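Enquirer: So that we are looking at the same thing, I have put the structure below in structure tokens.
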Amino acid sequence: MALLSKAAVLLGKEVRTEFRSRELLSTTIVFVLVVVVVFSFTFDPTTNESRRFGPGLLWMAFLFAASLMLQPCFLREQVNDTLSALRLAVSDPFAIFLAKISANTLFLLLTELLMLPVFAALFNVSFAAQLPGILLTFFLGSLGISVVGTALAVISAQARMRELLLPLLLLPLLTPILVVSTEVTIRLMQPEPYMEWKGIGLMAGFDVVFLTVLWLFGEYLLEE
Amino acid sequence: MPAAPVRSIGLQFDQVDKRYGAVYALRNLTLSIAAGECMAIAGRNGSGKTTLLRVAAQLVRPTRGSISFCGGTGHPKPQIGFVGHSTMVYDELTAAENLIFFAKLQGVAEAKTWADELLREVGLEDRKDSLVRTFSRGMRQRVAIARALLAQPSLLLFDEPATGLDAESNAWLTEHVRKLRDTRCTILMSLHGESPMARLATRAVRLEGGSVIADTQRGAMFQSIFAAAGC
Amino acid sequence: MTKRVLFGVLAIGLVACAAYASFYVAPEERTMGAIQKIFYFHASTAWAGETTFFVCFLANLLYIWKRKPQFDWLGVTCAEVGAACITVVLITGPIWARPVWGIWWTWDARLTSTFVLWILYICYLLLRTLVDEPDRRALMCALFGVFAFIDVPIVFGAIRWWRTQHPAPVIMGGPGSGLEPTMKAVFFFNVLAMHLFAAFLIVERYFLEKTKHDVELLRQEAEAR
């Protein structure tokens, strides 16, 4: 399909640009680390408590990091008005969104996967046995964050106080992702871990609903 | 220059308004541009030249009225090349990477070969693997023009393309626009004052307050259109 | 103008009647006593708030489609009135909870979801102050409003599922659940009164927004000269 092939070309550019400078990834990873360390001062991380509070703190760190990481997503395109060039080159603006969402999901996932062993070591918990489940949870959660975050990045790029506005708009909208992904992750970290499929379904539903909304309304977001 | 003949298109502005709050960037603009025409647009700063071009490129949605295209391949979205105030290329990619990226995006066959040829055409063959960030203003403008020509557009839009260019780059640009005009590509270019580039135009209009106030097609004198623009 | 005044008088009058009915017509609840009567006000205001948010959603969709400023004015008006209704809900809930349960707040499903709903619409109103150009502001807010409204049922669903994992005290039974006939009648009368009062506030706020817009246009035209 033309839409997917154009999105793939755009995604290639996003990934190439980021891996050339690595500035976004490196600052995001360090930020998550800082948040995890700072949060760990707020409770005594025994193994039981780590299992109860750890996933929540981890997902909060990811959410905060994402709300900063998503800022440059469309701001970058304003520098040389490359967004106009993209809009001229693609007939369906959804291709631009698909590419940005895929790139953001990828970068978020990379950050999460790099943080996972660090978190496991700092809090003496093990993920190894439940890695597929963890990966699925991280993927669906990151996708949800990216879909909504990318759309809101367009809105905040056109407003004042955009550095504060994006997290402000993003975090309440992502309440379902935070709540559900934390629960699913807690279940996977228990001594007798199990996969909470209803939660997975809720996250997948969230992702599908907002992707559809973006598909329907995305062109208006990019309109001048 | 492109091997295949360019299928030029005409466009029609029909009572177009573009309002930002209470300010009218374009006001009741009605303009017919024939296929293959090379039109110069003159006017002071804030007269609506940039908005007119961006509406023609379908980057800006009019508040009222519509624009339509005629001729060309019949595709609802014609191939449009746009050279604006900004370069519309990525500083963190090389000239070649930029062109290959945009070529692939627009579905151009043999993107790499075509990008190399265009870079040779605009005189940047030696610098094709340098980051655009390291280019001078004149060189960036050449990359921008190469980018605009990638998909062999039916309509070319230039928004004050000579801004910030030295005499040599200006001469190069004028020559290029002449070649494009001779391929019967429809060209709209907004210009500050009379210049060799302006003299390439087959028609000139002057904008003020978002409306056309003089048109050589309706008897206005070419010199008066640019003289009155007062830039 | 007279019609608006009459409507206002009707709406306020109905609210007064509904208050009277809540205190003097509805019987006292067996276990909780008089404090239970705040439920009529609390739940009916919640329903009015939710209806208002639905109208806001429709106004947002209509603006995206038609681009008429009137739909933008309706959208911001409904968002403000809705946010005011939910503020009342979030205040009356704890006022009821404190004497009955001994706690001001609990993170039960309904209260938590309502709190998130309230925050979403406060964000909508904040966004309006941060985009300068009027048409851009209207479009961006309409789009955010669509996102927010579609998110609301997902928020309710997710938090309710979360609460099944971690049960907590439920503040107030569902409206109409276990209500005897007189109570039900008083409740629905309150619902009607609060809806009409919300409609009155919407009408007045809408005309205020229209006047603001007209004044701003005149100011810009004067500056342009």
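Enquirer: Which residues, taken from the stretch A:186-203, are in a helix (DSSP H, G or I) and either more than 27 Å from A:A129 (Cβ to Cβ) or in contact with a helix residue (DSSP H, G or I) (Cβ under 6 Å, 6 or more places away or on another chain) (or both)?
Expert: A:I186, A:L188, A:M189, A:G199, A:L202, A:M203
Enquirer: Working only within the stretch C:132-147, note down all residues that are more than 7 Å from chain A (Cβ to nearest Cβ) and part of a helix (DSSP H, G or I).
Expert: Scanning the stretch C:132-147 gives C:P134, C:D135, C:R137, C:A138, C:C141, C:A142, C:G145.
Enquirer: With respect to the numbered conditions (1) outside any helix (DSSP H, G or I); (2) modelled with pLDDT of 90 or more; (3) crowded, with 18+ Cβ neighbours inside 10 Å, which one is the sole condition not fulfilled by B:D129?
Expert: For B:D129, the failing item is (3).
Enquirer: Taking the condition of being at pLDDT below 75 and part of a helix (DSSP H, G or I), how many residues in the stretch A:33-48 meet it?
Expert: Total satisfying the criteria: 2.
Enquirer: A follow-up question, please. Give the residues of the stretch A:141-185 that are of a type in the set (K, R) and either more than 9 Å from chain C (Cβ to nearest Cβ) or assigned to a helix (DSSP H, G or I) (or both), sorted by residue number.
Expert: A:R162
Enquirer: Output the number of the condition that A:V209 fails; it satisfies all remaining conditions of (1) more than 30 Å from A:S156 (Cα to Cα); (2) out of contact with any Gly (no Cβ under 7 Å at 6 or more places or on another chain); (3) among the hydrophobic types (A, V, I, L, M, F, W, C).
Expert: (1)
Enquirer: Hey, does the stretch C:23-38 have a residue that's of a type in the set (A, V, I, L, M, F, W, C), assigned to a helix (DSSP H, G or I) and crowded, with 22+ Cβ neighbours inside 10 Å?
Expert: The answer is no, given that none of the residues of the stretch C:23-38 is of a type in the set (A, V, I, L, M, F, W, C), assigned to a helix (DSSP H, G or I) and crowded, with 22+ Cβ neighbours inside 10 Å.
Enquirer: Considering only the stretch B:195-210, how many residues are crowded, with 18+ Cβ neighbours inside 10 Å and not basic (K, R)?
Expert: 8
Enquirer: Please pick out the residue among C:Y63, C:Y40, C:Y20, C:Y24 that is at pLDDT 95 or above, over 13 Å from the mean Cα position of the chain (by Cα) and of a type in the set (S, T, Y).
Expert: Every option except C:Y63 fails the conditions.
Enquirer: In this structure, does B:A227 turn out to be in a loop (DSSP other than H, G, I, E, B) and either modelled with pLDDT under 90 or closer than 17 Å to B:V83 by Cα (or both)?
Expert: The answer is no for B:A227.
Enquirer: Quick one: would you say C:A46 is of a type in the set (G, A, S), surrounded by 17 or more Cβ atoms within 10 Å (Cβ to Cβ) and in a helix (DSSP H, G or I)?
Expert: Spelling it out, C:A46 is indeed of a type in the set (G, A, S), surrounded by 17 or more Cβ atoms within 10 Å (Cβ to Cβ) and in a helix (DSSP H, G or I).
To keep it simple, each residue is scored yes or no on (1) over 11 Å from the mean Cα position of the chain (by Cα); (2) within 18 Å of A:L135 (Cα to Cα); (3) among the basic types (K, R).
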residue: A:R51; (1), (2), (3): yes, yes, yes
residue: A:L57; (1), (2), (3): yes, yes, no
residue: A:Q71; (1), (2), (3): yes, no, no
residue: A:L88; (1), (2), (3): yes, no, no
residue: A:D92; (1), (2), (3): yes, no, no
residue: A:L98; (1), (2), (3): yes, no, no
residue: A:N104; (1), (2), (3): no, yes, no
residue: A:L108; (1), (2), (3): no, yes, no
residue: A:F119; (1), (2), (3): yes, yes, no
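Enquirer: Restricting to the stretch B:121-174, name every residue that is over 19 Å from A:S84 (Cβ atoms) and within 14 Å of the chain's Cα centre (by Cα).
Expert: Passing the criteria: B:Q152, B:A162, B:L173, B:T174.
Enquirer: Hey, can you tell me all the residues within the stretch B:54-73 that are buried (at least 20 other Cβ atoms within 10 Å of the Cβ), away from chain A (no Cβ under 11 Å) and of a type in the set (A, V, I, L, M)?
Expert: Across the stretch B:54-73, the qualifying residue is only B:A56.
Enquirer: Under 8 Å between Cβ atoms, which residue pairs at least 6 apart in sequence (or on different chains) link something in the stretch B:157-174 that is touching a residue at least 24 places away in the same chain (Cβ under 8 Å) with a partner that is among the aromatic types (F, W, Y)?
Expert: Close Cβ pairs satisfying both conditions: B:L157/B:F82; B:D159/B:F82.
Enquirer: Any residue at all in the stretch B:105-117 that is in contact with a Phe, Trp or Tyr (Cβ under 9 Å, 6 or more places away or on another chain) and buried (at least 22 other Cβ atoms within 10 Å of the Cβ)?
Expert: yes
Enquirer: Give the residue, chosen from C:T129, C:T114, C:T106, that is among the polar types (S, T, N, Q), more than 9 Å from chain A (Cβ to nearest Cβ), over 12 Å from A:L169 (Cα atoms) and assigned to a helix (DSSP H, G or I).
Expert: After applying the criteria, what remains is C:T114.
Enquirer: Just give me the residues in the stretch B:84-104 being surrounded by fewer than 21 Cβ atoms within 10 Å (Cβ to Cβ) and either away from every other protein chain (no Cβ under 13 Å) or within 20 Å of the chain's Cα centre (by Cα) (or both), in sequence order.
Expert: B:H85, B:S86
Enquirer: Hey, does the stretch B:61-77 have a residue that's part of a loop (DSSP other than H, G, I, E, B), of a type in the set (D, E, K, R) and closer than 30 Å to A:A8 by Cα?
Expert: Within the stretch B:61-77, one or more residues are part of a loop (DSSP other than H, G, I, E, B), of a type in the set (D, E, K, R) and closer than 30 Å to A:A8 by Cα.
Okay, residues lined up against (1) surrounded by 21 or more Cβ atoms within 10 Å (Cβ to Cβ); (2) under 24 Å from A:L169 (Cβ atoms); (3) in contact (Cβ under 8 Å) with a residue 60 or more places away in the chain:
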{"position": "A:L3", "(1), (2), (3)": "no, no, yes"}
{"position": "A:A7", "(1), (2), (3)": "yes, no, yes"}
{"position": "A:G12", "(1), (2), (3)": "no, no, no"}
{"position": "A:R16", "(1), (2), (3)": "no, no, no"}
{"position": "A:T28", "(1), (2), (3)": "yes, yes, yes"}
{"position": "A:A65", "(1), (2), (3)": "yes, yes, no"}
{"position": "A:S84", "(1), (2), (3)": "yes, no, no"}
{"position": "A:F107", "(1), (2), (3)": "yes, yes, yes"}
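Enquirer: If the requirement is being β-branched (V, I, T) and within 16 Å of B:V89 (Cα to Cα), which of these qualifies: B:T174, B:T183, B:T134?
Expert: Checking each option against the conditions leaves just B:T134.
The values are calculated or read from the model by the stated rules, or taken from the named source; none is laboratory data. No experiment lies behind these values; they were computed from the predicted model shown. For neighbour counting, all protein chains shown are included, and Cβ atoms are generated from backbone atoms with ideal geometry for every residue, glycine included.
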